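Undergrad: Sharing a structure, written as structure tokens. Questions coming.
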Amino acid sequence: MKRRHVWCGAVAMLAGLTVGVLAQAQGRRDFDAEYRAAVQGAKDAAGFEFLGTLVRTCLLPQSGGENTSDTVPDYVADPKKAPARDTWYAEPAKVFDDVYFVGGKVHSAWALTTRDGIILIDTIFPYNSEELVVGGMQKLGLDPKQIKYLIISHAHADHIGGAEMIQKKYGAKVVMGAPDWESVEKYPNRFKTMAPERDIVATDGMKITLGGRTVTIWLTPGHTPGTLSYTFTALDRGRTVNVAYSGGTAFNFVNNTPVPGIRNFQTYIDSQKKFAEKAAAVNATVLLSNHSEFDEAVQKNRMLGSKGPHPYEIGAKAVQDYFKVMEGCARAAQIRLEQRQATATN
Ligand SMILES: [Zn+2]
């Protein structure tokens, strides 16, 4: 019996090899093997640190395409339709000496303090930015009137939702990528109550400096055409640490047809490679995101104050692994589209 099993295995292996060799000889690609290798690479990089990112980008069904409608969202047309508070409320937290979490259970916003005012990153939805961002800052002893710059990582309602209110109320200068400014201007209904006036158009390598502190902006198109990511420093109990902030993660672009899906995935992959290099160049050991699903912000906030290492400081290798998860999952999805294209043309 034992011998037979060995034989069966050997025969199966040989058969597999023969199919692979035949496919190669005929110039055909083994798409399944390529797909499995890409997913495996993402799984290996994810470990336990980035399960949320892996699940969202590799395992869950994708959304299939971008929203091209211009309709007023339900929760703006009728505020009573906004999700219940207990589905989104989370306590704000002082994460580093000069970085404050003012987000919710699902979405994050971050306040960076400087001696001359505050740089705010993202604003969550129109229905909860007042309580989470403004209220969160006040709870932590920060004055929202001190917000000088507001950087929006991309123009989706879960990040730009409070930008119009914060610009109007506090006069903050809003920074956003060019294509996302265009999309806000193109869809007045979709961005109703969420449309700041155009202030600063982000460029690659742009430095936003305030009170001796600098946020360097990197254009990372993919999630949206104008998605921004950043590198900056933070102080952990007086010690400087380098932060990489990843501004867009899920595959929200058209991703279910080879054209333009293959190209869209390539844009996304190129951005991950580029930003991984920027993160490595500054030796980023902290990874921040605008969704807790990707950086575990809400869980990590609960671990703050422990005597051990800072819960957000995961190390330079883990920061690089984050981008490998995104890149591997995007590549896997892109291989499937390449497969579809090859099958359709053969
Ligand atoms: Zn988004």
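Undergrad: Taking the Cα atoms of region 87-139, report the difference between the largest and smallest coordinate on each principal axis, in whole Å and largest first.
TA: Dimensions of region 87-139 along the principal axes of its Cα atoms: 34, 18, 16 Å.
Undergrad: Further question on the same structure: When the Karplus curve 6.51 cos²θ - 1.76 cosθ + 1.60 is applied with θ = phi - 60°, which whole-Hz ³J(HN,Hα) does each residue of region 248-253 get, with x for Gly and Pro?
TA: x, 10, 6, 8, 7, 6
Undergrad: I need the phi-derived Karplus couplings for region 177-193: 6.51 cos²θ - 1.76 cosθ + 1.60, θ = phi - 60°, integer Hz, Gly and Pro marked x.
TA: 3J(HN,Hα) across region 177-193, in whole Hz: x, 3, x, 7, 4, 4, 5, 4, 6, 7, 10, x, 6, 4, 9, 4, 6.
Undergrad: So if I average 1/r over every pair of distinct C-alpha atoms in region 232-346 and take the inverse, what Kirkwood radius in Å does that give?
TA: Computed over region 232-346, the radius equals 15.7 Å.
Undergrad: For region 289-333, just list the percent of Cα-Cα distances falling in each 5 Å bin from zero outward, please.
TA: 5, 19, 22, 23, 17, 8, 4, 2, 0
Undergrad: How large is the Kirkwood hydrodynamic radius of region 159-204, counting all unique pairs of alpha carbons, in Å?
TA: It is 10.7 Å.
Undergrad: Which three numbers, in whole Å and largest first, are the semi-axes of the equivalent ellipsoid of region 268-319 derived from its Cα gyration tensor as √(5λ)?
TA: Values for region 268-319, descending: 23, 14, 6 Å.
Undergrad: Straight-line reach only, C-alpha to C-alpha below 17 angstrom: list the lysines that LYS105 could link to, leaving out same-chain residues fewer than 8 apart.
TA: LYS94, LYS139, LYS300
Undergrad: Report, by chain and number, residues whose modeled amide H sits under 5 Å from the one on GLY104, excluding near sequence neighbours (fewer than 5 apart, same chain).
TA: The answer is ALA109.
Undergrad: Which value in nm describes the separation of the simple spin-label points at THR216 and LYS173, placed 7 Å from the Cα toward the beta carbon?
TA: With each label point 7 Å from Cα toward Cβ, the separation is 2.0 nm.
Undergrad: Under 1.5 on a/c is rounded, so check that first for region 125-187, then, if it is not, pick prolate when a/b is larger than b/c and oblate when it is not; a ≥ b ≥ c are the square roots of the alpha carbon gyration tensor eigenvalues.
TA: Prolate is the answer for region 125-187, as a/c is 1.5 or above and a/b outweighs b/c.
Undergrad: In vacuo Debye scattering of region 183-294, one point per C-alpha: log10 I(q)/I(0) at q = 0.14 Å⁻¹?
TA: Normalising to I(0) and taking log10 leaves -0.69.
Undergrad: Considering every pair of different Cα atoms, what Kirkwood radius, in Å, is found for the chain?
TA: The Cα-based Kirkwood calculation yields 21.5 Å.
Undergrad: Between GLU185, GLU293, GLU327, which gets the highest mean-square fluctuation from a Gaussian network model of the chain, Cα cutoff 10 Å?
TA: Sorting by GNM fluctuation, first place goes to GLU185.
Undergrad: Here's something else I'd like to know. For ARG29 and ARG263, compute 0.36 nm times the residue count separating them, minus their Cα-Cα distance, and round to one decimal in nm.
TA: Residue separation times 0.36 nm, minus the Cα-Cα distance, leaves 82.3 nm.
Undergrad: Over what distance in Å are the Cα centres of region 172-222 and region 129-153 separated?
TA: Cα centres, region 172-222 to region 129-153: 17 Å.
Undergrad: Once you have the alpha carbon radius of gyration of region 238-278, what is it after dividing by 2.2 N^0.38 Å, with N set to its residue count? Don't skip to the end; give the middle numbers.
TA: On the way: Rg = 14.2 Å, N = 41, 2.2 N^0.38 = 9.0 Å.
That works out to 1.57 for region 238-278.
Undergrad: In whole Hz and in residue order, list the ³J(HN,Hα) couplings for region 279-284 that follow from phi through the Karplus curve 6.51 cos²θ - 1.76 cosθ + 1.60, θ = phi - 60°; x for Gly and Pro.
TA: For region 279-284, the Karplus curve yields 5, 5, 4, 9, 6, 5 Hz.
Undergrad: Specify the angular offset, from 0 to 90 degrees and rounded to the nearest 10, of the alpha carbon long axis of helix 316-345 from the longest principal axis of the alpha carbons in the chain.
TA: The angle comes out near 50 degrees.
Undergrad: If the reach is capped at under 20 angstrom between alpha carbons, list the lysines near LYS324, excluding any in the same chain fewer than eight residues apart.
TA: Reachable lysines: LYS43, LYS273, LYS274, LYS278.
Here, each number is a calculation from the coordinates, and none is a lab measurement. Note that the structure is a prediction, hence the values are computed from the model and not measured. For neighbour counting, all protein chains shown are included, and Cβ atoms are generated from backbone atoms with ideal geometry for every residue, glycine included.
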